[in-house]
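Here the structure is laid out as structure tokens; the discussion comes afterwards.
The values are calculated or read from the model by the stated rules, or taken from the named source; none is laboratory data. Computed from a predicted structure; not experimentally measured. Reconstructed Cβ throughout: ideal geometry from the backbone, glycine too, with neighbour counts over all protein chains shown.
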Amino acid sequence: MSRQKPDPDVTESASSLDRPGTGPTHEEIAIRAYELYEASGRPEGRDGEHWLEAERELTEKYAAQPSRAKSTSA
């Protein structure tokens, strides 16, 4: 079974870092999951594990980002 690497050009424009209060996009998770898949030697049958790990990593990353929607009222 061969996997196709997600297109990073699509993901860059859809980055949820630009949208405060949101989590990672599907494309961002797919790219990170593919990176994990490659880093672990391209094992068969661990796609769900890679997906969940990517989702966890990115969710934590976004949660650590300071909110850009701070109020400027006095």
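A compact table of results
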{"read-out": "Long-range neighbours under 6 Å by Cβ, at least six apart or interchain, first residue modelled with pLDDT of 95 or more within the stretch 51-74, second not in a helix (DSSP H, G or I)", "value": "Leu58/Pro24; Thr59/Gly23"}
{"read-out": "Which numbered condition Glu38 fails, given (1) out of contact with any Ser or Thr (no Cβ under 8 Å at 6 or more places or on another chain); (2) at pLDDT below 95", "value": "(2)"}
